[in-house]
Each structure stands twice: as structure tokens, then as C-alpha cells.
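I have placed the structure first, in the form of C-alpha cells, so that the comments after it can refer back to it.
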Amino acid sequence: MTEPVFTLSDIVTTVNTGTSEEQQILKNLNLTINKGDFITVIGTNGAGKSTLFNTIAGNIKPASGQILLGTKNITSENDIKRTNYISRVFQDPKMGTAPRMTVAENLLLALNRGRRRKFKPRHLKQQIAKFQELTKQIPNGLSEHLNTPAGNLSGGQRQTLSFLMATLVQPDLLLLDEHTAALDPKTSQELLKLTAKIVEQEQLSCLMITHHLEDALSYGNRTIVLNDGQIQSDLSGEARANLSTTDLLTYFNDLE
Amino acid sequence: MTIIVSAIGQGLLWGVLGLGLFLSFRILDFPDMTVEGTFPMGASVTVICLVHGINPLLATLFAFLAGTLAGLATGLLYTKGKIPILLAGILVMTSLYSINLRILTKANVSLIGKDTIFSSHFLASLPASFDSVVLGVILVVVSICLLAFFLNTELGQAFIATGDNEKMARSLGIQTDRMKILGLMVSNGFIGLAGGLIAQNNGYADISMGIGTIVIGLAAIIIGEVVFGNLSLTARLIAVVIGSIFYRFVILIVLSLGFNANDLKLISAIILAFCLMLPTLRKSLRLNTLFEGGRTK
Ligand SMILES: Nc1ncnc2c1ncn2[C@@H]1O[C@H](COP(=O)(O)OP(=O)(O)OP(=O)(O)O)[C@@H](O)[C@H]1O
Ligand SMILES: [Mg+2]
């Protein structure tokens with residue numbers, strides 16, 4: 001469990017580069033993600049959590065620093081190539097699904113993640129039974145809507161669909177950006193349980209951003225606190241087990 | 001009677017243009033202005049081929065290929081050159097004007113006395129105007145089958161996803177730039193093909209025959225949507241062609257009311273504007289009980 005799957009070293013990302021508005025978001029950030037790590041990420045609004053994900057997924061090129069997959073340097077690989085081993089659920093439920101395509105069609109697209117799309121029939125019907133079973137895992141009605149355009153789903157249903165799409169083909173690294181924020185409390189817990197189950201079962205490495213301190217402590221094996229573009233604390237093992245949410249809150253307060 | 005048959009024939013041939021436009025304007029959600037240069041390009045290529053005695057089928061196929069090249073140019077300017085799609089289309093459309101003049105060598109070239117796709121024994125034996133209906137049906141059926149097949153392939157689904165939610169498509173590893181280029185090429189291929197067909201039907205190619213083609217193609221798409229409402233993708237392709245025929249009927253009616261043919265472009269623009277405003281009008285006039293369904297997106 002100590003073999004690093006993903007290493008970020010000295011990552012600096014800037015926005016509005018070359019203008020007077022130039023601003024550093026991630027400031028010499030270092031992070032090593034080991035195989036099987038399920039890391040919860042917390043931090044204030046604007047701390048740079050989503051930016052961290054964008055950098056890992058290749059949507060933002062770091063101004064300096066290095067990103068390793070295992071021992072392979074992938075700093076210059078673009079986002080499309082990185083989908084071979086990274087999948088993600090966006091913070092915005094609208095971002096992760098194609099609104100005019102049906103739920104089943106969305107899932108089928110995800111089944112081919114990172115693969116070359118060929119000029120051959122898509123074979124949707126053969127997958128329906130599988131999709132039926134998959135969507136039944138979360139009881140919020142998605143399984144009865146396989147032929148509904150994703151745009152007609154509720155925000156929570158769309159986010160559930162995004163999650164299922166992200167885990168349909170096992171990635172080396174799963175990025176979850178507040179993927180339960182749009183869900184009602186009950187469905188939110190269901191999805192978190194399913195998340196934990198899948199991460200465990202498939203031995204995935206996973207980063208999960210959340211603003212729920214309880215969830216941050218009760219799920220996963222590691223918690224990092226992001227502040228002002230740097231990792232303020234990296235908690236695991238005993239130190240994390242003995243932590244309460246009030247303790248965690250003091251981390252925030254200390255930052256002020 | 002012949003007038004109606006002729007309108008159906010025209011509607012079918014122009015329906016091919018509607019299908020091409022559907023790929024860019026509806027699936028990719030691109031306002032692709034290349035169209036107005038691609039259409040006369042297809043016409044020019046076909047006519048010049050025919051004038052030089054090339055086989056009509058081959059000449060028509062060349063119109064399709066020429067169209068794909070125009071789409072490729074726009075696609076490259078947009079994806080690699082990072083020029084906004086509207087401007088990329090305008091650039092290619094403008095340059096095509098000169099290119100088309102080069103191909104045609106003069107502003108108008110007639111096909112009188114030349115063999116065209118309509119001169120085949122079978123089509124020539126049909127009563128007047130039925131030739132374009134028969135050819136139109138064959139072409140439209142083949143086009144819709146090919147397009148429906150394509151859209152239901154893995155590649156076609158990736159293409160649709162790119163137009164629907166590019167960010168998601170990328171996050172699933174879809175090469176979105178390639179999909180856009182591919183879409184623009186196929187779209188403009190059909191538009192070039194339509195140009196080649198209409199030129200043979202009219203008996204000439206004219207350098208300015210591209211003006212207003214976007215309005216005509218869009219009118220077909222929107223009329224189809226207003227009349228038939230929510231449909232599956234394949235059915236929507238059929239609706240485009242039926243919309244194209246309806247559009248011909250509307251033009252026919254307007255002309256029979258005594259309007260001048262010179263005002264046709266103004267009239268077609270007004271028809272399209274009216275169709276586009278219909279959903280809003282319906283709401284404000286509470287006509288929902290009169291019409292059912294119908295959406296523009
Ligand atoms: N494209 C951009 N241009 C300018 N500033 C940006 C851009 N993207 C992000 N930022 C800034 O970077 C900082 C970090 O943003 P980010 O979205 O990563 O925060 P976050 O930690 O995900 O916050 P939240 O909890 O609200 O989701 C913010 O101050 C934001 O304003
Ligand atoms: Mg965020």
C-alpha cells in the first residue's frame with residue numbers, strides 16, 4: 001500500500017498569466033498519492049481545491065513543477081490522454097453529463113472512456129441489463145430513467161449518473177469534487193457508501209473534496225487540508241483517528 | 001399538379017442541404033457560415049465536371065468531396081487556429097467566392113446540351129418533374145440511412161457528445177477537436193452535394209447561388225421541429241426533409257398570392273423568423289391548446 005501512483009512535486013499554477021491580474025493559485029504544492037489511498041480534501045472556498053483537480057486532470061498546465069504517474073512523467077500529457085487513467089466527477093452537476101443524450105447513452109460513452117471511438121455500431125441494447133443493475137445501486141429512480149435525456153434529470157440524479165460514469169471503467173485515480181453536494185441527505189449518504197465500497201473493492205486511489213467535516217473524517221484513510229494553494233496538513237493513521245470535527249474546525253480557524 | 005410535384009422534388013433535393021446543416025447547426029451547435037460558399041462550390045465543381053464530359057454520378061460525388069474540403073478548412077481554422085467558429089466560417093465562405101470563380105471561370109455556366117444525373121434513361125422516361133422526386137427520394141433515403149448509421153456508431157456518439165457537452169466529452173477521452181472537424185467535413189460534404197444536385201436540376205451554376213442557403217436549410221430544420229416536436233434522432237433527420245418540402249409549399253403559396261419572385265429572399269427570411277418566433281408567440285398568445293408539442297432545441 002505504499003507504492004505511489006501519483007506524485008505532484010512543487011506544483012505552481014497561475015491564472016491570467018502575463019497580465020496585471022496574474023495570480024498564483026497553487027503555490028509549490030507537494031502531494032504523494034499511494035495505491036489504495038482514499039484521501040478526503042477539505043479547505044475554504046477559493047483555497048484551490050478545484051484548481052488542484054484541474055491540474056491533476058490536465059485541464060490546467062502547471063507553470064512549474066512535475067506530475068508523475070508511478071514513475072512516468074506526465075506533466076506535458078494533455079487532459080484527453082490522461083483520461084486513460086484518471087476519471088472525475090465535476091463540482092457542477094451539469095458538467096459531467098450530456099444533456100440531450102439519454103442516461104443509457106451517457107453510460108455507454110463512459111464505458112469507452114480513454115478508448116479510441118471506432119466507426120462501428122455502438123451496441124447499446126447489449127448493455128442495458130448491465131446499466132439497469134448499475135443504476136439500481138442508488139435508489140433515486142435513475143434505473144427507471146435509462147431512456148430519459150440526462151438534461152431532464154434532477155441535479156442529484158445527474159450527479160449520481162456522473163459518479164457511475166466515472167467508475168464504470170476503473171481509473172487509477174478517481175477525482176470527486178463535492179460529488180454529493182447536490183444530493184439530499186439520504187441519497188448523499190447512499191452515494192458516499194457506494195463510493196467507499198467501490199474504492200475498496202476496486203482498490204482505487206481516490207481524492208474526494210467535501211465541505212462536510214464529518215464525512216471528511218469518516219470516509220477514507222487520509223485527510224488533507226488545503227489552504228491558500230498549499231497543503232496545510234496531511235492527516236492519517238492515529239492522528240486522524242483521534243481527531244474530532246471540532247478539532248478539524250480549529251485547523252480552519254488557525255488559518256485565519 | 002406539376003407545380004406541386006415540382007415543389008416536392010425541390011424540397012427533397014434541398015432536404016440534403018437541411019441534413020448537412022443539421023449536423024453543424026443542431027448537433028454541434030455551430031453557426032457554420034461556410035455553407036454559403038460550400039453550396040455554390042458543389043454546384044461549380046459538378047457543372048465544370050459535366051461540361052468536361054465526366055460521368056454525372058462521379059461529378060456529383062466530387063461536389064460532396066469538395067464540400068468536405070471546405071469543412072476541413074473551417075474546422076482547422078477553428079480548432080487549430082483558435083479562430084471563433086462564426087469568423088472561421090466567414091473567412092472560408094469569402095475565400096470560396098474567389099475559388100468558385102476560378103472553378104467556374106465565369107459567373108454563370110449553363111448545362112444546356114450536357115448529360116446530367118437527370119439524363120439517365122430511367123429518370124428521363126418519367127413525366128416532367130417526377131425525375132427530381134424519384135432521384136430526391138433515393139438520395140434522401142440513402143443519406144438518412146448513412147447518417148443514422150453514423151450517428152449510432154461509437155464515433156457518431158462521440159460526435160454527438162462533443163456538441164452536447166464538450167467538457168464532459170473531453171473528460172471521457174473523446175478527441176473533441178477531431179470530432180468537430182469530422183462533423184464540419186461531413187456537414188459541408190452534404191451541402192456541397194446539395195449544390196451539385198440543385199445545379200443539375202436548374203441546368204446551371206451561378207456564382208451567387210449560395211446567398212440565402214443558410215436561411216433555406218434552417219427553415220427546413222425549424223419547420224420540421226415546429227411541426228413534429230420531440231423526436232428520436234433518426235426521426236428528426238426525416239423531419240428535416242419533410243420540413244424542407246413544407247417550406248417549398250409555403251413559398252409556392254406565397255408566390256401564388258401574387259408576390260414578386262424577386263422578393264423571395266426577403267420572404268424566406270420572414271418565414272424563418274416567423275418559425276423561430278413561433279414558440280414565443282405561442283406562449284404569449286396562449287396558442288398551446290391549438291398546437292401540441294414543438295420545440296426548437
Ligand atoms: N480561470 C480563473 N481565472 C481567475 N481566477 C481563477 C480561475 N480559476 C480559479 N481562480 C481562482 O482561484 C482560486 C481557487 O479556486 P478554486 O475553484 O480552485 O477553489 P475551491 O477550493 O475549489 O473553492 P470551492 O470550495 O468554492 O469550490 C479562487 O480564488 C478563484 O477565484
Ligand atoms: Mg471547487
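The values are calculated or read from the model by the stated rules, or taken from the named source; none is laboratory data. Note that the coordinates shown come from a computational prediction; the quantities given were computed from them, not determined experimentally. Note that each Cβ is placed from the backbone with ideal geometry, even for glycine, and that neighbours are counted across all protein chains shown. Note: accessible area is taken over every heavy atom of the protein model, side chains too, but ligands, DNA and RNA are not part of it. Shrake-Rupley method; radii C 1.70, N 1.55, O 1.52, S 1.80 Å.
Brief remarks follow.
- Residue in segment A:169-179 that is out of contact with any His (no Cβ under 6 Å at 6 or more places or on another chain), within 13 Å of chain B (Cβ to nearest Cβ) and part of a helix (DSSP H, G or I) present: no
- Here B:Ser171 meets each of (1) among the polar types (S, T, N, Q); (2) within 14 Å of chain A (Cβ to nearest Cβ); (3) in contact (Cβ under 8 Å) with a residue 12 or more places away in the chain with one exception, condition (3).
- Here the helices (runs of 4 or more DSSP H) wholly within segment B:1-98 that include at least 2 residues being under 20 Å from B:Glu166 (Cβ atoms) are B:56-79.
- Residue check, A:Thr167 open to solvent by less than 70 Å² (accessible area, probe 1.4 Å) and of a type outside the set (A, V, I, L, M, F, W, C): yes
- Yes/no for A:Thr51 being of a type in the set (Val, Ile, Thr) and either under 18 Å from A:Ala181 (Cβ atoms) or crowded, with 20+ Cβ neighbours inside 10 Å (or both): yes
- Top-ranked residue of segment A:93-134 - restricted to ones that are aliphatic (A, V, I, L, M) and assigned to a loop (DSSP other than H, G, I, E, B), ranked as farthest from the other protein chains (Cβ to nearest Cβ): A:Leu124
- A count restricted to segment A:141-190 and to residues that are free of Cβ contacts under 8 Å to residues at least 60 places away in the same chain and within 16 Å of ligand 2 (Cβ to nearest atom) stands at 1.
- Residues located in segment A:30-48, provided they are free of Cβ contacts under 8 Å to residues at least 60 places away in the same chain and touching a strand residue (DSSP E or B) at 6+ places or on another chain (Cβ under 7 Å): A:Thr32
- Test: A:Thr51 is touching a residue at least 24 places away in the same chain (Cβ under 8 Å), within 16 Å of ligand 1 (Cβ to nearest atom) and of a type in the set (Ser, Thr, Tyr): yes
- Of all residues in segment A:69-92, those satisfying the criterion of being within 16 Å of ligand 2 (Cβ to nearest atom), open to solvent by 20 Å² or more (accessible area, probe 1.4 Å) and part of a loop (DSSP other than H, G, I, E, B) are A:Gln91, A:Asp92.
- Residue check for A:Phe38: away from ligand 1 (no atom under 16 Å from the Cβ), modelled with pLDDT of 95 or more and either closer than 20 Å to A:Ile209 by Cβ or within 16 Å of the chain's Cα centre (by Cα) (or both): yes
- Within segment A:19-56, the residues that satisfy the criterion of being among the β-branched types (Val, Ile, Thr) and either in a strand (DSSP E or B) or away from ligand 2 (no atom under 15 Å from the Cβ) (or both) are A:Thr19, A:Ile25, A:Thr32, A:Ile33, A:Ile39, A:Thr40, A:Val41, A:Ile42.
- Residue within segment B:174-195 that is open to solvent by less than 30 Å² (accessible area, probe 1.4 Å), in contact with a strand residue (DSSP E or B) (Cβ under 9 Å, 6 or more places away or on another chain), more than 14 Å from every other protein chain (Cβ to nearest Cβ) and closer than 27 Å to B:Ile112 by Cα present: yes
- Positions within segment A:57-67 being open to solvent by 40 Å² or more (accessible area, probe 1.4 Å) and either free of Cβ contacts under 8 Å to residues at least 40 places away in the same chain or away from ligand 2 (no atom under 16 Å from the Cβ) (or both), in sequence order: A:Asn59, A:Lys61, A:Ala63, A:Ser64, A:Gln66
- Residues of segment A:135-166 satisfying the condition of being within 13 Å of chain B (Cβ to nearest Cβ), assigned to a helix (DSSP H, G or I) and among the hydroxyl-bearing types (Ser, Thr, Tyr): A:Ser162
- Odd one out for A:Lys130 among (1) surrounded by fewer than 17 Cβ atoms within 10 Å (Cβ to Cβ); (2) within 16 Å of ligand 2 (Cβ to nearest atom); (3) of a type in the set (Lys, Arg): (2)
- Of the criteria (1) within 13 Å of ligand 1 (Cβ to nearest atom); (2) open to solvent by 10 Å² or more (accessible area, probe 1.4 Å), which one A:Gly43 fails: (2)
- Scope segment A:42-53; condition modelled with pLDDT of 95 or more and either touching a helix residue (DSSP H, G or I) at 6+ places or on another chain (Cβ under 9 Å) or on the phi > 0 side of the Ramachandran plot (or both); matching residues: none
- Selection status of A:Ala98, modelled with pLDDT of 95 or more, of a type in the set (Gly, Ala, Ser), more than 22 Å from A:Val225 (Cβ to Cβ) and more than 13 Å from ligand 1 (Cβ to nearest atom): yes
- Flag for A:Gln23 being open to solvent by 50 Å² or more (accessible area, probe 1.4 Å), of a type outside the set (Gly, Ala, Ser) and within 10 Å of ligand 1 (Cβ to nearest atom): yes
- Residue in segment B:91-103 that is closer than 24 Å to B:Thr176 by Cα, at pLDDT 95 or above and small (Gly, Ala, Ser) present: no
- Only a single criterion out of (1) within 14 Å of another protein chain (Cβ to nearest Cβ); (2) assigned to a helix (DSSP H, G or I); (3) within 16 Å of ligand 1 (Cβ to nearest atom) is not satisfied by A:Asp215, namely (1).
- Qualifying residue in segment B:126-146 (condition: at pLDDT 95 or above, within 14 Å of chain A (Cβ to nearest Cβ) and closer than 30 Å to B:Leu276 by Cα): yes
- Odd one out for A:Leu108 among (1) more than 16 Å from ligand 1 (Cβ to nearest atom); (2) open to solvent by 40 Å² or more (accessible area, probe 1.4 Å): (2)
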